[in-house]
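The structure that follows is given in the form of structure tokens.
The values are calculated or read from the model by the stated rules, or taken from the named source; none is laboratory data. Computed from a predicted structure; not experimentally measured. Backbone-built Cβ (ideal geometry, glycine too); neighbour counts: all protein chains shown. Only protein heavy atoms, including side chains, enter the accessible area calculation; ligands, DNA and RNA are left aside. Shrake-Rupley method; radii C 1.70, N 1.55, O 1.52, S 1.80 Å.
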Amino acid sequence: MNQIPELQNYKIFNDPSWRRVISQFREIFNDLHLNLEKNSIQETIKPENVNLSDLCSEANQKYINIIDNELKLIDSKSENQEHFRLLLKVWKLCQIIFIKSSPSGILLNDLQEWYRSTNNIDPMIQDLFSNYNHNVDNLHTDQNYWLLIIMAVAQGRIDTARHLMSFHPSKNSPVFRSMDEILRTMPNFSSNSHLTLFEFKAKWEYWQKRCIQILTNENFQIEETGSLEIICKLLCADENTFLELKPIFNSWYYMLISYLSYANPSFNISDLHIHLDSGICMKVFENELDEFDAIILKIFDFDVDVIVNDCVRLFSNNFFSAHLLDILFLNGKLQMNKNDLTMFKSDKNSIAIHEEHLIEYAVQILSAAWSNSSLSLNQTAFDYLLKCSNLDRTGLELIETYLEKISLTNLSESNANKVFYLAFQNGLHDLAFSIGRVMQMRAFKRGMYGTALSWNVRIKDCSFGNYLAEKIIEDFFKSKDLKLLELTESLTKEIIYCDRLIFLSKYREFYKLAYYSNKTDMSTKLDNFKQAGTLLLQLLEVQNLIPFKFRKRVLFHIPDLIQENVFNEDQLFAILRIIQNYENKKDFLTKNELKNEQDEIEIDNDDVSEEMKWKFFYEKISQMIAENFVKNKIEL
Amino acid sequence: MYENLNKPEQIYLNFNASKVRWLSNSKVMPTNLFCIGSGENLQNVSVWKMDQNQVDFEPQLLCESDSLDGMVTEIKAKNSEEIFVSTSNGSVYHFKYSHFDQKLSLITKWSSAESHTENLNFINSFDFNSDCDELCYVTENGTINFIRLHSQTNNVNTLDYNELCSLNSVLYLKQFEIAVGDSLGRVKIWDARSRDNKKSSLTLYLEGESSPIVCMANHPNQQHMVACGNLNGILSIYDVRSNKRPFIMSHNHSEPIMEVCFHPFSSDNLISCSFDGSLWFWNASSKGDLKTNWEDRTVNAKNYLESNRYTLNSFDINNDQLLAVNNNFCLYKLRYQNLF
């Protein structure tokens, strides 16, 4: 199959007015499923079942209303107009046949209503009246006058027809009067009338006999166009008259409905099938049948599978099929399929069908969302996918596959946050973790250490945390830029997963206390130094907290503190021990030639060699410690 | 204390709205004009009018701007005519809406110099000071930038300092003092005048809470109070005069806060909207007692949009009316009443 036109057909997902419809549908869809879930939890009494089908038909009505509203909102030139109109036509008919009807229920009123709403003559009537605004007496001279009356009768709009007829100048002639009378007395079967079906049939037969009487007795000559006679023939359900009026109906299904409404007004679905099989109406339109007619035929035939597949082809997306099948499935009507009943796993099969369409729809949305990376469209698709759990490949798996593929390179930070939460919300923790990892790496490569850290803390990735902390501290030693250290200032307990980050955070605390205490007061300053000293010793005493390559660098802070005389005797011994440990470790590393661990961070970029510095440090520190011991002794 | 007068009314838009703002001189002056910035399938700003006499909520689209160079990340109305708009592509637009012929015209556009490097200059937020002569915006790559609004040149003045983490929100506290919220949960106070002094004057943060700050809001009459919404749903109120521990409202939001705002009349009340679609009214009133400390208060919260389950991208208050847009193309309108 040619792929390019296929892709173009998904443009409805980028069309503004379609997007409005899609997002409203999503809301109804979600509401429906949420309500059903609530119901199934409370499942106690049987009557809930009644409620269920109510909910479904209510949702279906809402779907229809949304399309109806959208049709009113968009202007008539829009190319969507035709699309929406067709959709509405199919949907309303499906509602009548699949959802509202019962096997013995009378379809006439619903079908007539469908006919009226999808082939509305009101605008034409309005035109007629506006043309003869000042002079209604000449109304009957308009070429559309009789046409409209006949159409009104064909649609069963008897009151409209009578109203129009009342503008005719010879309305008081006997033939007009008797026609008016017969129209007025036409029996009407509706659910709120008091008639039983049997009574109605009897009444109807009597009424139709009178029509035939009028047709034979009255003199229709006075009305020169012969339209009254046609109307009367329509009322008598004269087959040939219906066939002759083909242009008025412009479709076989309208003709069928119109014919049935006079030939057999109490018809039900099986009657409909009988008439369809006789195929009278179809024959007239034989040469004009198209895809859409086939769909209507299949709807009357109850062939859901074919309908949805045909609709997918007609609209080139699964928007309609997914929603309709979902409703039908929830309503328990999908099992009515003839083929399914004979199959062993009928139940299982129908589950698969409606979910297949939901998934197909979601995938279409996703493929449209792909091009312009719009997150709200993705979320819409996910909502649908989440409702699919009975197939081999569940919706959640599809979400995971899709989210994995979202390109993070061009995603903004805030959108990445959203994707992260989306994954997390759906329980895809591994995926969220990997998103976090990619984001921290991306930020790191750009030198945004803070952003990287923020992602790292969120996903608690220890190994990268170590790496990041080392990198930050290395950079700090090079640039002495305090903001690098300050990155950790808001982090406390959430970094316990990572040693290096703890070290970084503690080191910052020490550094601030020792060098950036802005207290001028001498005693508090000394307190700060003392705290800093204790902190430093704690840091150094914990094995392996400070990476070896930074150890020497940290040790070099000691002379500054000793100068302030902040260490007591025990602490001074501890310092000696720490230095000893450091030297042992260094010897060990050189002996075993563990090169990569041996690399130490250089202290300062001046000409003095590292060895010399260490020597100076050693001398200085021994001298100071000795002095300190003496001082401490004296003070004691 | 605040009661919903009637149910939230809603209409559906045909684009994804990222920001909604009333077009008014201040939050207390009633207006019926508002503007919406779109996020995904369209990239423009539109001005809408609401008919006050109408029973139904049927706002009318007055005009739209041309397509912008990225999705709208923030809109702020200077007065009832002029708006500033920032985009994800690093540009700031200055639009003027003419009430007379109902047109939106572009006055100036500023773009940062290195606009070629993609994505690095995603503007997260901006603010202008009370004199409206300076605008400050912060970006995802950690830079703080200033625009002189009255200068003839279209230069963007970038502070020679990089925070190394993405800056999500900025607010002018006083004429020259700005507060910047970053992705490590810190609020830094800067003096905008001393651009050579590369150090913030004060850093505030909530210990043990490092999730990114998403949004900030000024107190209507106490400029030193700043409300911050975090990514993990914590709403905290800082007093920027001291580095005391902030007052934490609650953890009612389970998910990221998208926007936060003090109530314009009664500043004891805050409103926030979140990722999960709830719109919380926080009532921290001290019940008649004059308490200056937020710590002594009890907080009641109520979700005003329970029917909504989709991410609320933005909301704005004007007098007694509130507009909110969600991620599912829906625009909500709420009215509420002060029961005092």
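So how exposed is A:ASP54, as accessible area in Å² (1.4 Å probe, rounded to 10)?
80
Whole number in Å², please: accessible area per residue of chain B, 1.4 Å probe, ligands, DNA and RNA not counted. Display every interim value, and only then the final one.
Working: 13180 Å² over 340 residues.
On a per-residue basis, chain B sits at 39 Å².
If you line up the long axis of helix A:122-131 against the longest principal axis of chain A, both from Cα atoms, how many degrees apart are they, to the nearest 10?
For A:122-131 against chain A, the angle is about 70 degrees.
Among A:ILE22, B:GLY277, A:TRP114, which residue has its Cα furthest toward the positive end of the charge dipole of the protein assembly as shown, with +1 on Lys/Arg Cβ and -1 on Asp/Glu Cβ?
B:GLY277
Can you figure out the FRET efficiency of B:SER254 with B:SER26, using R₀ = 41 Å and their beta-carbon distance, to the nearest 0.05?
So the FRET efficiency works out to roughly 0.80.
Across the stretch B:7-111, how many lysine pairs separated by 8 or more positions, or lying on different chains, have Cα atoms within less than 29 Å?
29
Show me you know the interface measure: the accessible area buried between B and A, both chains summed, probe 1.4 Å, in Å² to the nearest 100.
On the way: alone 15210 and 33080 Å², together 44280 Å².
Counting protein atoms only, the buried area is about 4000 Å².
Which of rounded, prolate, oblate describes chain B, given a ≥ b ≥ c as roots of the alpha-carbon gyration tensor eigenvalues and a/c under 1.5 marking rounded, otherwise prolate only if a/b is larger than b/c? Show your work: numbers first, answer last.
Numbers: a/c = 1.57, a/b = 1.03, b/c = 1.52.
Here chain B falls in the oblate category.
When only C-alpha pairs under 8 Å and at least 6 residues apart count, what is the relative contact order of chain A, in percent?
Working: 533 pairs, mean separation 53.8, N = 636.
Averaging sequence separation for qualifying contacts and normalising by length gives 8 percent for chain A.
Spin-label point model (7 Å from Cα, Cβ direction): what's the A:MET612 to A:ASP290 distance in nm?
Here the modelled spin labels are 9.4 nm apart.
Using only the alpha-carbon atoms, how far is helix A:610-635 inclined from the longest principal axis of chain A? Give it as 0 to 90 degrees, nearest 10.
70
Something else: What residues does the stretch A:407-425 have that are buried by at least 10 Å² of accessible area in the full protein assembly compared to the chain on its own, 1.4 angstrom probe?
Residues passing the criterion (a loss of at least 10 Å², heavy atoms only) are A:ASN410, A:SER412, A:GLU413, A:SER414, A:ASN415, A:ASN417, A:LYS418, A:TYR421, A:GLN425.
If you rank A:ARG500, A:ARG446 by how much accessible surface each has, with a 1.4 Å probe, what is the order from largest down? Working shown, then result.
Details: A:ARG500 50, A:ARG446 90 Å².
Largest to smallest exposure gives the sequence A:ARG446, A:ARG500.
Also: Based on Cβ point charges of +1 for Lys and Arg and -1 for Asp and Glu, what charge dipole magnitude is obtained for the stretch A:115-267 about its Cα centre, in debye rounded to the nearest 20?
Values: 12 positive and 16 negative charges, 92 e Å.
Roughly 440 debye, rounded to the nearest 20.
Taking the dipole about the Cα centre of the stretch B:7-111, with the C-beta of Lys and Arg at +1 and of Asp and Glu at -1, give me whichever of B:TYR93, B:ALA17, B:LEU61 is farthest to the positive side.
Highest projection toward the positive end goes to B:TYR93.
Once neighbouring chains are kept in place and the probe is 1.4 Å, which whole percent of the accessible area of the protein assembly as shown is contributed by carbon and sulfur?
Values: 21710 of 44280 Å².
Here carbon and sulfur together make up 49 percent of the probe-accessible area.
Return one whole number: the accessible area per residue of the stretch A:115-267 in Å², for a 1.4 Å probe.
Numbers: 7680 Å² over 153 residues.
About 50 Å² of surface per residue is accessible.
Between B:CYS136, A:LEU484, B:ILE123, whose Cα lies farthest towards the positive end of the dipole of the protein assembly as shown when Lys and Arg beta carbons carry +1 and Asp and Glu beta carbons carry -1, centred on the Cα centre?
Sorting the options by dipole projection puts first A:LEU484.
FRET efficiency for B:GLN223 and A:LYS631, Cβ-Cβ distance as r, R0 = 56 Å, nearest 0.05?
Numbers: r = 52 Å, r/R0 = 0.92.
Working from the Cβ atoms, E equals 0.60.
State, to one decimal in nm, how far the label point of B:ASN53 lies from the label point of A:LEU396, with both points 7 Å from Cα in the Cβ direction.
5.6
Run the simple label-point estimate for A:ILE280 and B:ASN157 please: 7 Å along Cα→C-beta, distance reported in nm.
Taking the simple label geometry, A:ILE280 and B:ASN157 are separated by 8.9 nm.
Between A:ASN119 and A:ASN39, how high is the FRET efficiency from 1/(1 + (r/R0)^6) when r is the Cβ-Cβ distance and R₀ = 41 Å? Nearest 0.05. Can you show the working numbers first?
Numbers: r = 38 Å, r/R0 = 0.93.
For R0 = 41 Å, the calculated efficiency reads 0.60.
Still on this structure, I have one more. Accessible area drop of at least 20 Å² (1.4 Å probe, protein heavy atoms): which residues of the stretch B:23-51 qualify, relative to the chain alone?
The answer is B:GLU40, B:ASN41 - residues whose exposure falls by at least 20 Å² when every protein chain is included.
Evaluate the charge dipole of the protein assembly as shown about its Cα centre and quote only its size in Debye, nearest 20, assuming +1 on the Cβ of each Lys and Arg and -1 on the Cβ of each Asp and Glu. Mind dumping the intermediate values first?
Numbers: 96 positive and 127 negative charges, 406 e Å.
Dipole size: approximately 1940 debye.
Here is a further query. Do you know the Lys pair count in the stretch A:115-267 for C-alpha distances under 27 Å, with sequence separation 8 or more or different chains?
9
Let me ask another. Calculate the dipole size of the stretch A:51-156 relative to its Cα centre from +1 charges on Lys and Arg beta carbons and -1 charges on Asp and Glu beta carbons; express the result in debye to the nearest 20. Walk me through the numbers on the way to the answer.
Details: 8 positive and 13 negative charges, 58 e Å.
About 280 debye.
Provide the per residue accessible area, probe 1.4 Å, for the stretch A:458-532, rounded to a whole number of square angstrom.
On the way: 3450 Å² over 75 residues.
For the stretch A:458-532, the solvent-accessible area averages 46 Å² per residue.
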